[in-house]
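Have a look at the structure below, then the notes.
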6 protein chains.
Amino acid sequence: MFKYDINENTYLKLLDLNDVDELFTLTDRSRETLREWLPFVDDVRTVEDTEKFVRNAMHQYANNNGIQAGIYYEGKLAGVIGYHQVNWQHRWTSIGYWLGNDFVGKGLVTNSMKAFIDYAFSYLKLNRIEVRVAVGNIRSRTIPKVLGFNEEGRLRDAEWLYDHHVDQVVYGLTAAEWKKLKSTNENTIVL
Amino acid sequence: MFKYDINENTYLKLLDLNDVDELFTLTDRSRETLREWLPFVDDVRTVEDTEKFVRNAMHQYANNNGIQAGIYYEGKLAGVIGYHQVNWQHRWTSIGYWLGNDFVGKGLVTNSMKAFIDYAFSYLKLNRIEVRVAVGNIRSRTIPKVLGFNEEGRLRDAEWLYDHHVDQVVYGLTAAEWKKLKSTNENTIVL
Amino acid sequence: MFKYDINENTYLKLLDLNDVDELFTLTDRSRETLREWLPFVDDVRTVEDTEKFVRNAMHQYANNNGIQAGIYYEGKLAGVIGYHQVNWQHRWTSIGYWLGNDFVGKGLVTNSMKAFIDYAFSYLKLNRIEVRVAVGNIRSRTIPKVLGFNEEGRLRDAEWLYDHHVDQVVYGLTAAEWKKLKSTNENTIVL
Amino acid sequence: MFKYDINENTYLKLLDLNDVDELFTLTDRSRETLREWLPFVDDVRTVEDTEKFVRNAMHQYANNNGIQAGIYYEGKLAGVIGYHQVNWQHRWTSIGYWLGNDFVGKGLVTNSMKAFIDYAFSYLKLNRIEVRVAVGNIRSRTIPKVLGFNEEGRLRDAEWLYDHHVDQVVYGLTAAEWKKLKSTNENTIVL
Amino acid sequence: MFKYDINENTYLKLLDLNDVDELFTLTDRSRETLREWLPFVDDVRTVEDTEKFVRNAMHQYANNNGIQAGIYYEGKLAGVIGYHQVNWQHRWTSIGYWLGNDFVGKGLVTNSMKAFIDYAFSYLKLNRIEVRVAVGNIRSRTIPKVLGFNEEGRLRDAEWLYDHHVDQVVYGLTAAEWKKLKSTNENTIVL
Amino acid sequence: MFKYDINENTYLKLLDLNDVDELFTLTDRSRETLREWLPFVDDVRTVEDTEKFVRNAMHQYANNNGIQAGIYYEGKLAGVIGYHQVNWQHRWTSIGYWLGNDFVGKGLVTNSMKAFIDYAFSYLKLNRIEVRVAVGNIRSRTIPKVLGFNEEGRLRDAEWLYDHHVDQVVYGLTAAEWKKLKSTNENTIVL
């Protein structure tokens, strides 16, 4: 019911318990692809694991520590985008996202990111957004680059992927940069 | 960001901490009118009291016990509508609502109620909705009547209003009734 | 040890962990009869389920939210009577009760109700007591009627009984009414 | 309402929030006498301090960790008797008690102790009861002696009394001893 | 890392999760000997039981309620010494200890006790330390005697040992006594 | 009592409530210097603020989420070093540190860091350690450089310093690197 319309066929919705079954199925079907770069996949074995994630997400919201939203495409749950946490003291957050296999290549994450960036800067009044991606996850690294984030560093061994560590690239974007980007590109396709 | 569009100038939004100031001001300005029938008004003395209400509402959502939404009209917070609780065992809930003085007479509550009724029956899969109103609160009693609720009883002395008890009228609506009403009236003004 | 004497062969006692075994046995033996109108019976499968109920009852007392008492007849646990909750803001409560098969027809509930009504009005200083009974539960509906409660309404589909909804009748009694009834009937059998 | 009758003019009652005012007054009036040997008295400055004690007592009961009872004499609160805790692993408890000035010398504590001893051994199935009293508190030390407790030791500096330590005498009684004492003395005045 | 050096081959260390495996093994290997006098042994069946004990010990520290330390001899975990609790109101604590079979007879407990006594009197500013030992546990009773504790009493049936009760001897030591003992014996072997 | 000896005049000790007064005084005396680069200083107004920090640190330990230690020089509290958190999933932590004015220039942080690095890699079995320092905090940036950390990136606006944002430099060190550094430098002064 409560949603954020991205365009005529895409919207975001706060995750709640009604989404558990569809979210588990989405994860399960793309399990092999997702686990290549996402460390949480192997911990999601049953629908109860997904329910636990959703309950945590609901409490994250209630504790004013950010939100997790479902990305819906043509009425179906296509993926998840969320703030990992909100650091109110230093006024920054970081964003994570993933899509099921069938929904890749439609611009869903890029468009959802724009909404989450706006929400963080305009609504939550934060000053900085981070995206952290494993170095080898080329597809995912495209997102922050296209959106105007700066590459700020490479944290070695920062992520454990089931049986080995991988380096993470950190991308950063400030509120001032985003404002400037939006004014520049407001009539273009990209933003 | 996450909202439910009612029509071109009205939407509902889950209450969060960003809404505290505007909600306190709305309550404070209509204090004299609201306190005639609503028992919570005198407990809202400062903006911290409103913040406490909003934090409780956020945890109510996180505990899967219903939601509280702001009613927005032309971009301004006009009132509040919410489920008092959800009784999952017996599958019913009750709804409460109020508007600030400046927003009365625009159909805002009636339209918001329709959204909340749909959400309760279609999304939460509940079976029964109650509205309880003080007998003397004529204006507020109009809402459930117009929407097709049945008057089911009169609970004597059920509400304490600062210095005296008042009787409450209970209105009830079942999922089956709502389905029938919607199919009948789908092309009419009322619903 | 701590009890309330109703008459020479009947008393009430706050439920505690010593009562768990006897309470489970009582429930289990009258299972078929009780489940016709009481929705909790099928959830009581083992003595641990009853222990959980008793622990909740003890915390209900500790949180000043009402009490649950065992009804004892000739030294044996015959049934349970309790306040579902206490609404201190509006100063009302509701009462529930049941008996094991072997103890029906001795006036145990009626007499226990008088004690609970007195306790609610005189000791807790409440103003209103409700009893809610499924419409078809004729035997149980007799109790509030005999005690002078008013029938105040019929809440449709308010109770879920394993596989179907039933309507509930709401009976209400105010402190003023009870005071008057007691003064009128003090030398009669009924009260 | 729920009480334990000791004799025609004395009973015990679980403490609850209704007792707070009377209990504070009782404490306050005997403040000077009580503080000579009881370390809690100076912490009870206002009625809120007593309310906190009573709430703790209610949760002690709910956590199955013993009870605190008011001693009532001719309808008035005369003192308090309670289990400090219940050690379920080793099956023992210890008992504390005090009376307001106006109620001393009527045998109230001795009689209440008998009830608490019976409750501990017969109802809670414990095996050992302790009473600990400051060495110099001669009047209070009489109680366990009269009841048949054995003096088991003297714990040096075990109690802090506002500005100095005092030694405590430990008295012990086992279930077997109590059973024997009761059978021997059942027709005498003492027990 | 954080430790208290007792002598060249013995030190104490706060227990943490790294110690769980070694502690379980130590307990398990001496199971038959330990259970003769220690009531906790039969509750330690798996490494998870030991982990639970260690987590409780960590929270005991965090709640300022005393510490549990491992006794290390030549780099191996030899036993445990700990405060059962700290009674800040009356400023006393009690100490418990045990060793695995292979580490008995090396003075490890006596030396660890001295450290714990110093810590309690000098660092925590307590005034009294108790040691409680089952009457028949002759070896363990030697410890407080050698260290200068006074035998203060014998609590009958105070400990439950799986299938029977045993009496406990209570030994006490005050800060003043310890100070005197240390000044007297500072050049001797005993202290 | 429980400490880690760094050299003959320096040791680390887990912070506990006994350290509160000395820690507040240390903070207070160096307030002007510390607040130039540390965002927490202005929140420490009274000794209660420091007590709150220490209680949090004790619970951080109890929750297995890292430790906070006092750095002691010649018996006096000189500063604090601690893990901000432990990320067990990805097996990394980050370290923070500060010294009072009178203790700068004695190598205390460098030496304490070595102990904390060893503890993290050898005892906690982590794989990566981060140090984050404000870009302009030249003195503090020397520490990770001297110890062999790699500069991995510059996070813009990542820290809020009372009235403006500053960039942070991220330094990283892996377990493999530290092992190699130690074997290379074991006979040198630096490590």
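The table below gives the values:
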{"item": "Protein accessible area in chain B, 1.4 Å probe - carbon and sulfur %", "result": "48 percent"}
{"item": "Alpha carbon centroid spacing (whole Å) that separates the stretch A:1-63 from the stretch D:36-106", "result": "52 Å"}
{"item": "Lysine pairs within chain A, Cα separation less than 19 Å, 8 or more sequence positions apart or different chains", "result": "21"}
{"item": "Per-copy distances of the D:E74 label point, shortest first, in nm (7 angstrom along Cα→Cβ)", "result": "4.0, 7.5, 7.5, 7.8, 8.9"}
{"item": "Reduction of at least 30 Å² in accessible surface, 1.4 Å probe, comparing all protein chains with the chain by itself, residues of the stretch C:57-76", "result": "C:M58, C:H59, C:Y61, C:A62, C:N64"}
{"item": "Per-residue [θ]222 nm for chain F (sum of -39500 (n - 2.57) over DSSP H runs n ≥ 4, rounded to 500)", "result": "-9500 deg cm²/dmol"}
{"item": "Calculated Rg and Dmax of the protein assembly as shown using C-alpha coordinates, Å", "result": "34.7, 103"}
{"item": "Buried on assembly, the stretch E:133-157 (at least 20 Å² less accessible surface than by itself, 1.4 Å probe)", "result": "E:E152, E:R154, E:L155, E:R156, E:D157"}
{"item": "Residue (of D:W92, D:F24, D:V44) at the positive-pole extreme of chain D, dipole from beta-carbon charges", "result": "D:W92"}
{"item": "Per residue solvent-accessible surface (Å²) - chain D, probe of 1.4 Å", "result": "45 Å²"}
{"item": "Cleavage-rule hits, trypsin sites (Lys or Arg not before Pro), the stretch A:58-128, DSSP coil, Cβ neighbours within 10 Å at most 13", "result": "A:K125"}
{"item": "Per-pair calculated FRET efficiency, R0 = 56 Å: E:W88 and B:D167 via Cβ, rounded to 0.05", "result": "0.55"}
{"item": "Backbone N under 20 Å from the B:N65 label point (7 Å along Cα→Cβ), restricted to the stretch C:79-98", "result": "C:83-94"}
{"item": "Summed residue charge, Cβ within 14 Å of E:V131's Cβ, Lys/Arg positive, Asp/Glu negative", "result": "+3"}
{"item": "Dimensionless Rg/Rh of the stretch F:77-124 - Kirkwood Rh, Rg from C-alpha atoms", "result": "1.04"}
{"item": "Most fluctuating residue given options B:H59, B:H84, B:H164, as computed from a GNM of chain B linking Cα atoms under 10 Å", "result": "B:H164"}
{"item": "Shortest-first nm distances, C:R29 label point to equivalent points in other copies (7 Å, Cα→Cβ)", "result": "4.8, 5.6, 5.7, 6.7, 7.8"}
{"item": "Buried area at the E-F interface (accessible, heavy atoms, 1.4 Å probe, summed, Å²)", "result": "2500 Å²"}
{"item": "Residue-span extension gain [F:N150 to F:F40] - 0.36 nm each, minus C-alpha spacing", "result": "37.0 nm"}
{"item": "Chain B, rotation onto C, residue closest to that axis via Cβ, with its distance in Å", "result": "B:G153, 1"}
{"item": "Alpha-carbon centroid distance for the pair the stretch D:112-191 / the stretch B:113-155, whole angstrom", "result": "63 Å"}
{"item": "For chain C, built as a Gaussian network whose Cα springs stay under 10 Å, the top-fluctuating residue of C:N87, C:N127, C:N18", "result": "C:N18"}
{"item": "Cβ-Cβ FRET estimate between B:D49 and D:V135, R0 fixed at 45 Å, reported to 0.05", "result": "0.25"}
{"item": "Charge dipole magnitude, Cβ of K and R +1, D and E -1 - the stretch A:3-184, Cα centre, debye nearest 20", "result": "860 debye"}
{"item": "GNM top mover of C:L181, C:L77, C:L126 - chain C, alpha-carbon springs below 10 Å", "result": "C:L181"}
{"item": "Simple Cβ-charge dipole of the protein assembly as shown, Lys/Arg +1 and Asp/Glu -1, about Cα centre, in debye nearest 20", "result": "0 debye"}
{"item": "Exam field: A:E8 pseudo-label spacings to other copies (7 Å along Cα-Cβ), nanometres", "result": "1.9, 8.4, 8.8, 8.8, 9.4"}
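The values are calculated or read from the model by the stated rules, or taken from the named source; none is laboratory data. The structure displayed is predicted, hence computed values, not measured ones. Don't worry about glycine lacking a Cβ; one is built from the backbone with ideal geometry, like all the others, and counts go over all protein chains shown. We work out accessible area using only protein heavy atoms, side chains counted, and drop any ligands, DNA or RNA first. Shrake-Rupley method; radii C 1.70, N 1.55, O 1.52, S 1.80 Å.
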